[in-house]
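Here, each number is a calculation from the coordinates, and none is a lab measurement. This one's a predicted model, so the numbers in the text were calculated from it and none came from an experiment. All Cβ positions, glycine included, derive from the backbone under ideal geometry; neighbour counts span all protein chains shown.
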Amino acid sequence: MSDLVHAVCGMEHAKDSTQEPVRMKKPAARLFAFRGSLSRRAETALAIGGSAGLLLIWEIATRLGWTNPVFFPAPSTVLEAIGRMIASQHLLWHAGVSTLRVWAAFLLAAAMAIPIGILMSSYRAIGAMLEPVVDFIRYLPVPALVPLSIIWFGVGESTKLYLLWLGTFFQLVLLVADDMRRVPQEYIEIAATLGAKPRQILKDVAFRAMLPNLVDNLRITLGWCWTYLIIAEIVAADSGIGFVIWTARRYMKTPEVMAGVVMIGIIGLLTDQILRAAHRRAFRYQ
Amino acid sequence: MNTPYLAFDRVTKTFGEIEVVAPVFDLDIGRNEFVVFLGPSGCGKTTLMRMIGGLDTPTSGEIRLDGAPVGPPDWRRGMVFQSYSSFPWLTVAQNVEFGMRYRNDLSAEEKLARRDHYLDLVGLYEFSDAYPNRVSGGMRQRVAIARTLASGSDVLLMDEPFGALDAQRRETLQVELRNIQKRDAKTIVFVTHDVEEAVFLADRVVVFSKRPARVVADIDVTDRLGAERHLELRDGVRFFELRNEILRLLRKVGAVDE
């Protein structure tokens with residue numbers, strides 16, 4: 001918030017010096033310039049301010065009795081629940097279990113989808129063979145496959161991994177194939193006229209060219225994994241955030257349900273920010 | 001000139017139903033010649049050049065380099081494109097070095113020496129560690145030229161390499177390219193739409209018809225303007241006469257350029 005104040009003060013100062021040849025716009029106009037840009041600090045301030053404002057409205061609404069706290073508890077109550085659950089119900093352990101499941105399934109899906117997707121767009125024959133199959137399975141909703149996966153894998157850990165894998169692998173394959181297809185033909189042909197063999201072109205040029213988009217798609221797909229996690233953990237589990245949420249619901253402990261949801265949000269936000277920062281660092285040349 | 005350096009033996013190319021290159025045979029290119037292909041857009045001149053590089057194969061006929069039919073692409077025939085000409089994930093120096101990546105016959109020291117030599121030659125030494133997105137479009141084309149030269153290719157195939165540059169950068173690069181070509185004795189096949197660029201650069205301008213491409217005129221520019229090219233040449237009467245002559249030709253074959 002102090003950044004905003006600072007920015008506004010700076011603007012005031014500019015207005016005072018009337019000799020300024022370029023007329024400074026009003027602060028609000030500067031903030032809301034159509035397709036304009038903001039400083040890093042102003043953006044952070046607005047991001048925090050926006051979330052804080054929303055929480056504040058929510059808190060006030062419940063304090064004033066506009067909502068029934070059984071259905072819609074105040075953020076402070078949810079926060080309390082998080083604290084209590086960390087202290088006495090192993091919330092962090094459950095969160096850890098869920099995170100581990102997500103990453104295990106995600107890494108498995110990525111390890112399979114990256115080579116297969118690359119081959120699908122590098123070799124027309126492989127693409128022609130696999131595309132219809134992948135497209136078919138991709139459109140099947142994961143929950144519809146829950147009964148089948150229980151028949152196949154029972155209710156243990158493998159069912160959860162399988163469901164998560166199912167939800168991400170088939171999407172990821174097509175995204176990877178698309179990233180590879182979008183590598184400019186010029187790069188391929190430059191490498192060829194420098195004497196590179198197809199395998200070298202694939203490894204040294206095409207893969208490098210697609211890498212930034214690939215990493216971006218992995219980040220997005222990781223988010224989807226969390227969606228399927230909750231389904232998997234609701235179906236059959238005695239651990240994980242999905243299990244915590246579902247158990248709390250049975251006793252109508254709305255704050256605890258919300259605490260679980262918020263926990264997922266926090267993990268998601270943190271992971272996403274870390275991966276974005278890593279992306280920026282790794283692909284600074286872009 | 002008994003065996004021409006680059007020879008075209010009734011070369012044709014069709015894509016599906018579309019005939020892109022008519023039998024081309026009267027187009028022998030000598031060693032160290034700078035040949036510019038001119039013609040209406042989409043006439044097939046680029047396809048003809050790509051076939052020299054091995055990036056497309058003739059539907060019938062044969063292209064021979066130094067007496068031997070050209071095969072798949074290799075480092076002896078280098079390509080410079082208009083866009084995506086340098087790899088964005090490599091620095092300027094690494095891009096130039098990449099030109100020799102698959103040359104196992106060069107030692108590591110040789111590669112470094114050649115890299116520095118060509119970086120220096122195109123005036124990019126001080127930008128060695130910059131990524132392509134940090135330098136101008138003209139510098140990116142210089143990177144591509146230096147990379148192709150460093151690879152050691154004898155034939156440079158250039159597909160409108162200066163097409164995206166502003167007039168001033170274009171002129172500078174044209175002078176540089178011409179100097180490098182004469183000094184390093186390279187054979188260059190250059191495709192462009194710009195008649196003045198063609199006249200300024202070329203030893204020979206080959207004008208193609210509308211699709212399917214066939215040679216309609218083969219103009220010996222060096223005979224008319226001399227081998228020495230400097231910017232003042234562009235203001236001379238002879239330059240203008242030649243330019244207008246070629247423009248008239250292009251109008252006749254139906255190129256709507258200009």
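Listed values, structure above:
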read-out: Nearby lysines by direct alpha-carbon distance to A:Lys26 (threshold 27 angstrom, same-chain neighbours under 8 apart not counted); value: A:Lys15
read-out: Mean separation of Cα contacts under 8 Å (6+ apart) over length of the range B:155-232, as relative contact order %; value: 29 percent
read-out: Rounded tilt (10° steps) of B:167-184 against the dominant C-alpha axis of chain B; value: 80 degrees
read-out: Dipole magnitude of the range B:1-45 about its Cα centre (Cβ charges: Lys, Arg +1; Asp, Glu -1), debye to nearest 20; value: 100 debye
read-out: Relative contact order (%) - chain A, alpha-carbon pairs under 8 angstrom, separation at least six; value: 21 percent
read-out: Total formal charge among the other residues, if their Cβ is under 10 angstrom from that of B:Lys13, Lys/Arg +1 and Asp/Glu -1; value: -1
read-out: The range B:72-147 shape via C-alpha gyration tensor axes, a/c threshold 1.5; value: oblate
read-out: Axial C-alpha extent at least 27 Å, average Kyte-Doolittle at least 1.0 - helices from chain A (DSSP); value: A:91-122
read-out: Mean projected area (nm²) of the alpha-carbon convex hull when chain A is viewed from all directions; value: 22.5 nm²
read-out: Farthest toward positive dipole pole in chain B [+1 Lys/Arg, -1 Asp/Glu at C-beta], among B:Ala213, B:Asn179, B:Leu106; value: B:Ala213
read-out: Folded to 0 to 90 degrees: helix B:237-253 orientation relative to chain B principal axis, Cα; value: 60 degrees
read-out: Within the protein assembly as shown, helix-based [θ] at 222 nm, where runs of 4 or more DSSP H residues each add -39,500 (n - 2.57), nearest 500; value: -18500 deg cm²/dmol
read-out: Relative contact order of the range A:115-211, pairs being alpha-carbon contacts under 8 Å that are 6 or more residues apart, as %; value: 33 percent
read-out: Between the range A:131-191 and the range B:44-65, the alpha-carbon center distance in angstrom; value: 41 Å
read-out: Sites matching chymotrypsin sites (Phe, Trp or Tyr not before Pro) across the range A:137-202 that sit in DSSP coil, with at most 16 neighbouring C-beta atoms within 10 Å; value: A:Tyr139
read-out: DSSP-defined antiparallel bridges as percent of all bridges, chain B, nearest 5; value: 50 percent
read-out: Ascending count of other beta-carbon atoms within 10 Å, so fewest first, for B:Lys45, B:Lys111; value: B:Lys111, B:Lys45
read-out: Cleavage-rule hits, chymotrypsin sites (Phe, Trp or Tyr not before Pro), the range B:160-258, DSSP coil, Cβ neighbours within 10 Å at most 12; value: none
read-out: Centre separation in Å (Cα based) which lies between the range A:214-282 and the range B:88-148; value: 46 Å
read-out: Fewest-first sequence of A:Lys197, A:Lys160, B:Lys186, B:Lys210 by Cβ atoms within 10 Å of each Cβ; value: A:Lys197, B:Lys210, B:Lys186, A:Lys160
read-out: Considering only the protein assembly as shown, percent of DSSP beta bridges that pair antiparallel, nearest 5; value: 50 percent
read-out: Least to most buried among A:Ile190, A:Ile231, B:Ile145 (fewest other Cβ within 10 Å first); value: A:Ile231, B:Ile145, A:Ile190
read-out: Longest to shortest principal axis, alpha-carbon extents of the protein assembly as shown, angstrom; value: 95, 75, 50
